[in-house]
Amino acid sequence: MLSIKIPFKFLFIIVALSIISNIALASEMDGKKIAFDRKKGNCLACHAMDDGDMPGNIGPPLIVMKTRFPDRAILKAQIWDATIKNPISIMPPFGKHHILSDAEIEKLLDYLYTL
Amino acid sequence: MKIKSLLLSFLIFLSCLTTTVQAATQSQAKEAILTAHNLWDKTKTAGHEWNTIKPLMAQATQALQENDYITAIALAKKASTQSKLALVQAEREKTNWLNNLPK
Amino acid sequence: MKNLLNILVIFTSLGCINIANATPEQDKETFQRFYMERFPDVSKEDFGNGVYALDQDARDQWESMSDFPPYEDDLEAGEELFNNPFKNGKNYANCFKNGGENIRQNYPKFDTERNSVITLELAINECRMKNGESALPYQKGDIAKISAYMASTSEGSLIEIKVPNDNALIAYEEGKQYFYSKRGQLNFSCANCHIQNVGRKARSETLSPALGHPTHFPVYRMAWQNFGTLHRRFASCNKQVRAQPLAGQSEDYRNLEYFLTYMSNGLPINGPASRK
């Protein structure tokens, strides 16, 4: 069997670590960070939101999201691919073009609903 | 011993689920890179190359040289996905650009 | 087979022209009217000052340093380079109309024999090669200094770009399509920023009007600490949207410059200039 030569404890630690690191990776960045990070969402380039410093004014301010977007799917669609609603939208298609992963977008949505 | 083995195989099974451990050979890695390369070239011809593709290709090639085939394949696939999206963009813009004209 | 392909290419290009359905002159009218209606208080020639035509705070800062422009030394170096004879005794003046003075406003030109757009920088290098000198690297360095000096001799002359025949029209249309097409992972067209969102802010940066873009190049950017040609700026803007920039003087960039400069027909040359 597998464990004959390799000490069991050693294997156990390796395998356990690989599981933990997978879980850790996914929760590395929280939603706000993803929104503000220039290499990630960079939403501040165009939207005023939260306590963000020096926001742009290309898109509307992201406020009272719960009231304005009761349907999470609609909010997600805007972030996933804004060109569906507006073919020349300047807003990057974050999901469609793999700028953010699906997991990152879900986190971002959680955060947006706190605004 | 039995329980230990059982526990171990369960853990290995779990780790497979999370990291999708895959047997990868050198030839598979080479093939993935070649496919990615061809798609990348197509985006250049279409005039819609993304600057995110070049570094992925360089990293994939590097991984291949270091015999890290799993990484090489993952990066090549990522590059291929991006190239395909760039080609979709090129195709769409063949007509969509007209919507951008000032009115 | 190749002929067939060529014919196909020409027909598809003509198809595009039909869809777009406007002459360069009509395009220019619509383009300029768009900006003049959006900013009724800005005079036509002031659009050549980019963001400073739209953002008074930025303009005040910019004007405070115009007594000692940061490019003075490089501009002088450009004049020297321009006048220095080649090894064969000739110099740049021999290659250009009017001894190379006051000609910036006519570039880029469409060369009907070579069926190709000739920018000023390309013409400078061709002049060198004709006289047995090596080509200079494009985008920055000596070529930008020479081009800056030549631009300075055209101060106030009105841009006058021509589309002399159908091949020129194809090059123009290609440049136009480039300008309006979304590219890069972030999916932006030039028009997204410089037309639809002109005057708005991306973070703290005001977006300049594309009308007037080519009037003042080469530009000395504080971020660069030296002169860059228009194609260097194109490359920066490509990178911002995660599109792979093209080589300076590539066909696509020359066609883009051709279209963009035609859109500024009638505006005075005011280069070189400094920018953030």
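The values are calculated or read from the model by the stated rules, or taken from the named source; none is laboratory data. Owing to the predicted nature of the structure, the values given are computational and were not obtained by experimental measurement. Cβ atoms come from the backbone with ideal geometry, glycine included; neighbour counts cover every protein chain shown. The area values use the complete protein model at the heavy-atom level, side chains included, leaving out ligands, DNA and RNA. Shrake-Rupley method; radii C 1.70, N 1.55, O 1.52, S 1.80 Å.
Probe radius 1.4 Å, ligands and nucleic acids left out: can you give me the accessible area buried at the B-C interface, summed over both chains, in Å² to the nearest hundred? Provide the component values of the computation, followed by the final result.
Numbers: alone 7830 and 14230 Å², together 20240 Å².
Using a 1.4 Å probe on protein heavy atoms, the buried area is about 1800 Å².
With an 8 Å cut-off on Cα pairs and a minimum separation of 6 or more residues, tell me the relative contact order of chain C in percent. It would help to have the intermediate numbers written out before the result.
Values: 444 pairs, mean separation 70.8, N = 276.
About 26 percent, as a whole number.
Put simply, what bits of the stretch B:68-100 lose 40 Å² or more of accessible area when the other protein chains are there, versus the chain on its own (1.4 Å probe)?
So the qualifying set is B:L85, B:Q89, B:R92, B:E93, B:W97, B:L98, B:N100.
What does the average come to when, for each residue of peptide A:89-97, you count the partner chain Cβ atoms lying within 10 Å of its Cβ? Don't skip to the end; give the middle numbers.
Numbers: counts 4, 12, 4, 8, 6, 2, 0, 4, 13.
Average per residue, whole number: 6.
Please compute the average number of Cβ atoms from other chains found within 10 Å of each residue's Cβ in peptide A:77-87. Provide the component values of the computation, followed by the final result.
Values: counts 0, 0, 0, 0, 1, 1, 5, 0, 0, 1, 6.
Per residue, the average neighbour count from other chains is 1.
What is the magnitude of the charge dipole of the protein assembly as shown about its Cα centre, with +1 placed on the Cβ of each Lys and Arg, -1 on the Cβ of each Asp and Glu, and no other charges, expressed in debye to the nearest 20? Mind showing how you got there, number by number?
Working: 57 positive and 53 negative charges, 444 e Å.
Rounded to the nearest 20 debye, it is 2140 debye.
Please compute the per residue accessible area over the stretch A:29-115 with all protein chains in place, 1.4 Å probe, rounded to a whole number of Å².
On the way: 4500 Å² over 87 residues.
For the stretch A:29-115, the solvent-accessible area averages 52 Å² per residue.
Percent of accessible area on the stretch B:26-94 owned by carbon and sulfur, 1.4 Å probe?
Values: 1990 of 3660 Å².
The C+S portion of the solvent-accessible surface of the stretch B:26-94 is 54 percent.
Which residues, if any, in the stretch C:144-186 lose at least 20 square angstrom of accessible heavy-atom surface (probe 1.4 Å) when the other protein chains sit next to their chain rather than the chain being alone?
Listed in order, they are C:K176, C:Q177, C:Y180, C:S181, C:K182, C:R183, C:G184, C:Q185, C:L186.
Enumerate the calculated ³J(HN,Hα) couplings along the stretch B:77-89 in order (Karplus 6.51 cos²θ - 1.76 cosθ + 1.60, θ = phi - 60°), each rounded to whole Hz, writing x wherever the residue is Gly or Pro.
5, 4, 4, 4, 4, 5, 4, 4, 5, 5, 5, 4, 4
Of the residues C:E79, C:E25, C:E63, which exhibits the maximal mean-square fluctuation in a Gaussian network model of chain C defined by a 10 Å Cα contact cut-off?
Among C:E79, C:E25, C:E63, the largest GNM mean-square fluctuation belongs to C:E63.
Let me confirm one metric for peptide C:237-244, namely the mean number of other chain beta-carbon atoms within 10 Å of its residues' beta-carbons.
Details: counts 0, 2, 1, 0, 3, 8, 8, 12.
The mean count of partner-chain Cβ atoms within 10 Å per residue comes to 4.
How big is the gap, in Å, between the Cα center of the stretch C:87-131 and the Cα center of the stretch B:44-80?
Measuring centre to centre over Cα atoms gives 41 Å.
Label points 7 Å out from Cα along the Cβ direction at B:T35 and C:N21: separation in nm?
Label at B:T35, label at C:N21, 4.3 nm between them.
Whole-Å semi-axes of the stretch C:73-197's equivalent ellipsoid, largest first, each the root of 5 times a Cα gyration tensor eigenvalue?
30, 18, 15
Averaging the inverse of every distinct alpha carbon separation and then flipping it gives the Kirkwood radius. What is it for the stretch B:26-94, in angstrom units? Walk me through the numbers before you get to the answer.
Working: mean 1/r = 0.0851 Å⁻¹.
About 11.7 Å, per the Kirkwood formula over Cα pairs.
In Å, what is the Rg of the alpha-carbon atoms in chain C, and how long is Dmax?
18.7, 62
Using a 1.4 Å probe, what is the accessible area per residue for the stretch C:171-276, in Å²?
Details: 2800 Å² over 106 residues.
Computed with neighbouring chains in place, this is 26 Å² per residue.
Just to check I understand the Karplus step: with θ = phi - 60° and J = 6.51 cos²θ - 1.76 cosθ + 1.60, what whole-Hz values come out for the stretch A:56-63, glycine and proline as x?
Calculated HN-Hα couplings, in order: x, 10, 7, x, x, x, 8, 10 Hz.
With a 1.4 Å probe and every protein chain left in place, work out the accessible area per residue of the stretch B:26-94 in Å², rounded to a whole number.
On the way: 3660 Å² over 69 residues.
Normalised by residue count, the accessible surface of the stretch B:26-94 is 53 Å².
Quantify, in whole percent, the carbon and sulfur part of the accessible surface of chain C (1.4 Å probe; protein heavy atoms only).
Values: 6180 of 12610 Å².
Solvent-exposed carbon and sulfur of chain C make up 49 percent of the total.
Determine the total buried accessible area between chain A and chain B, counting protein heavy atoms only with a 1.4 Å probe; round to the nearest 100 Å². Provide the component values of the computation, followed by the final result.
On the way: alone 8310 and 7830 Å², together 14500 Å².
Approximately 1600 Å² gets buried when A meets B.
Can you tell me how much longer the chain between C:E80 and C:D60 gets when fully stretched, taken as 0.36 nm per residue apart minus their C-alpha distance, in nm with one decimal? Intermediate results must be reported in sequence, preceding the final value.
Numbers: separation 20, 0.36 × 20 = 7.20 nm, distance 3.19 nm.
Gain on extension, C:E80 to C:D60, equals 4.0 nm.
Under the rule of at least 5 residues apart or a separate chain, name every residue whose amide H is placed under 5 Å from the amide H of C:F188.
C:R183
Residue by residue, what Karplus-based ³J(HN,Hα) values in Hz, rounded to whole numbers, does the stretch C:48-56 have, using 6.51, -1.76 and 1.60 with θ = phi - 60° and x for Gly and Pro?
Per-residue couplings from phi come out as x, 8, x, 4, 6, 6, 10, 10, 5 Hz.
Once the Cβ-Cβ distance between C:E126 and B:K84 is put in as r, and R0 is 51 Å, what FRET efficiency do you end up with, to the nearest 0.05? Mind dumping the intermediate values first?
On the way: r = 40 Å, r/R0 = 0.77.
Computed FRET efficiency for C:E126 and B:K84: 0.80.
Amide H to amide H under 5 Å from B:W50: which residues, 5+ apart in sequence or cross-chain, H placed 1.01 Å off N in plane?
Amide H neighbours of B:W50, under 5 Å, 5+ apart: C:Q244.
If I model a spin label at C:N165 and A:A77 as a point 7 Å from the Cα along the Cα→Cβ vector, what separation in nanometres do I get?
Using points 7 Å along Cα→Cβ, the separation is 5.2 nm.
What does the buried accessible surface come to for C and A, summed over both chains, with the probe at 1.4 Å? Round to 100 Å². Walk me through the numbers on the way to the answer.
Working: alone 14230 and 8310 Å², together 21020 Å².
Interface area, both chains combined: 1500 Å², rounded to the nearest 100.
Using the alpha-carbon centroid of each, what span in Å lies between the stretch C:158-189 and the stretch C:260-276?
Between the Cα centres of the stretch C:158-189 and the stretch C:260-276 lies a distance of 17 Å.
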